[in-house]
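Everything below concerns the one structure shown next.
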Amino acid sequence: MRRLGHHNEFEQIKNYVQGDDIRTINWKATSRQSQLMVNQYQEQRSQSVYAIIDKSRAMEHQFEGLTLFDHAINSTLVFSNIALKKGDKIGLVTFSHKLGTQLAPNPGKRQLQRILDALYTQKTEFKEANYSLLYQALRRNVPFRSLLMLYTNFETELAMHRALPMLKSLNKKHVLVVVFFKNTDLHEELTKNPDTTRDIYVSTLAEDVINTKKRIAKELKRQGIHTVLTAPNKLNIDTLNKYLELKSKGLV
């Protein structure tokens with residue numbers, strides 16, 4: 001299993017003992033001490049995690065008085081707080097048809113305040129999300145393998161397929177998690193008993209939309225992309241569970 005950010009940090013110089021990797025011999029220290037000395041390393045455990053929030057028109061749908069974009073912001077703050085407590089570094093990217101905020105990943109409580117300040121004035125924009133621009137920005141500005149938590153919303157399979165080439169490219173270099181939303185209003189329609197022709201039409205339409213979302217999630221998973229399809233009111237817990245799942249598998 002290829003581990004996320006799997007690289008080592010220098011810890012100390014120590015005496016060589018049988019079994020040490022000869023590639024770590026420190027020749028300058030060896031000449032000074034007149035005995036073999038090696039560099040000792042420890043695995044770096046603080047990993048870079050990015051919250052990436054789509055603020056295009058697909059995130060303008062409302063649930064319980066908040067837009068999907070608002071729910072994504074709330075989830076980002078909850079998730080970032082937990083990840084920082086786990087010792088990871090958190091960064092932030094927002095985008096729509098153009099790039100928005102970009103914060104480099106950092107540890108500590110001050111980073112959470114920076115994220116909060118950056119998101120405070122953000123609004124959705126009535127434009128299509130430009131995934132090609134997002135890919136170019138991440139390729140340029142995120143050199144190391146990182147966890148990317150992408151909050152977005154796909155309503156149609158066509159929209160997902162337009163973004164899929166960029167998502168696949170990001171997933172090759174990083175660990176990508178696509179988080180998108182169920183239409184909970186339509187789920188409620190399916191619980192009703194249809195009495196009229198209109199009710200039957202609405203119920204059929206609702207079932208088609210729900211199945212479309214499931215097919216999108218299935219296709220993303222088939223492409224090897226981690227996927228969270230969730231209701232807005234379950235976003236926080238489902239996102240945290242995915243992060244902790246990846247953490248337990250050694251991917252974060």
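Restricting to region 119-139, and then to whatever is surrounded by fewer than 16 Cβ atoms within 10 Å (Cβ to Cβ) and free of Cβ contacts under 8 Å to residues at least 40 places away in the same chain, can you tell me which residue is nearest to LEU164 (Cα to Cα)?
So the residue we want is SER132.
Taking region 58-97 only, how many residues are among the charged types (D, E, K, R), closer than 27 Å to LYS182 by Cα and at pLDDT below 95?
Count: 2.
If I filter region 16-58 down to residues being farther than 28 Å from PRO143 by Cα and assigned by TED's automatic domain parsing to the domain that holds LEU99, which single residue comes out as farthest from the chain's Cα centre (by Cα)?
Per the stated criteria, the residue is ARG57.
With outside any strand (DSSP E or B) and in contact with a helix residue (DSSP H, G or I) (Cβ under 8 Å, 6 or more places away or on another chain) as the only criterion, which of ALA83, ALA51 stands out?
ALA83
Which count do you get for residues in region 199-229 that are over 21 Å from LEU158 (Cβ atoms) and modelled with pLDDT under 95?
5
Restricting to region 225-246, and then to whatever is in contact with a Leu (Cβ under 9 Å, 6 or more places away or on another chain) and not hydrophobic (A, V, I, L, M, F, W, C), can you tell me which residue is farthest from SER169 (Cα to Cα)?
Here the residue is PRO232.
Name the single residue, out of those in region 88-118 being part of a strand (DSSP E or B) and hydroxyl-bearing (Ser, Thr, Tyr), that is surrounded by the fewest Cβ atoms within 10 Å (Cβ to Cβ).
The selected residue is THR101.
Here are some residues: GLN40, GLN35. Which one is surrounded by fewer than 20 Cβ atoms within 10 Å (Cβ to Cβ) and part of a strand (DSSP E or B)?
Unique residue meeting the criteria: GLN40.
Look at region 49-89 and say how many of its residues are of a type in the set (S, T, N, Q) and in contact with a His (Cβ under 9 Å, 6 or more places away or on another chain). I'd like the intermediate steps shown before the answer.
The initial filter retains those residues of region 49-89 that are of a type in the set (S, T, N, Q), namely 56, 62, 67, 74-76, 80-81.
Remaining after also requiring in contact with a His (Cβ under 9 Å, 6 or more places away or on another chain): 56, 67.
Within region 49-89, residues that are of a type in the set (S, T, N, Q) and in contact with a His (Cβ under 9 Å, 6 or more places away or on another chain) number 2.
Answer yes if at least one residue in region 138-147 is part of a helix (DSSP H, G or I) and hydrophobic (A, V, I, L, M, F, W, C), and no otherwise.
yes
Among the residues of region 61-69, is there at least one that is within 18 Å of LYS249 (Cα to Cα) and not in a loop (DSSP other than H, G, I, E, B)?
No, every residue in region 61-69 fails to be within 18 Å of LYS249 (Cα to Cα) and not in a loop (DSSP other than H, G, I, E, B).
Scan region 45-57 and give yes if some residue there is at pLDDT below 75 and surrounded by fewer than 16 Cβ atoms within 10 Å (Cβ to Cβ), otherwise no.
yes
The values are calculated or read from the model by the stated rules, or taken from the named source; none is laboratory data. Note that the structure is a prediction, hence the values are computed from the model and not measured. Heads up, the Cβs are rebuilt from the backbone with ideal geometry, glycines too, and the neighbour counts pull from every protein chain shown.
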